[in-house]
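Okay, structure first, notes after.
Read-outs: derived from the displayed coordinates by stated rules, not from any lab. Worth saying up front: this structure is predicted, and the values here are computed from it rather than measured.
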Amino acid sequence: MSDELSERECALRRLPLPYSLALRLRDSGVEPELICEYVGVDAASLESVYRMAELKLAAVCEPGSAANGEAPASDSGGPADPI
């Protein structure tokens, strides 16, 4: 087994636990009712949890995002032009 973690696995480890858990369980084929129990949401909210988790995952994976731990790229580094 490889010692290196996949990009997705690294990103999942950076998510808040409920979001990471929801995505991991869904990807593993766990029944939605059980995911609701583990994550602590009702069935009507589960799809929203998945959407929020996917958005957070995308933000963590996005290059240059603060969520990714990288400083955003600056345009010139100099002072802004006066108006």
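Estimated at 0.36 nm per residue, the fully extended path between Ser45 and Arg14 surpasses their Cα-Cα distance by 8.9 nm. On a per residue basis, the convex hull of the C-alpha atoms belonging to the range 7-61 measures out at 62 Å³.
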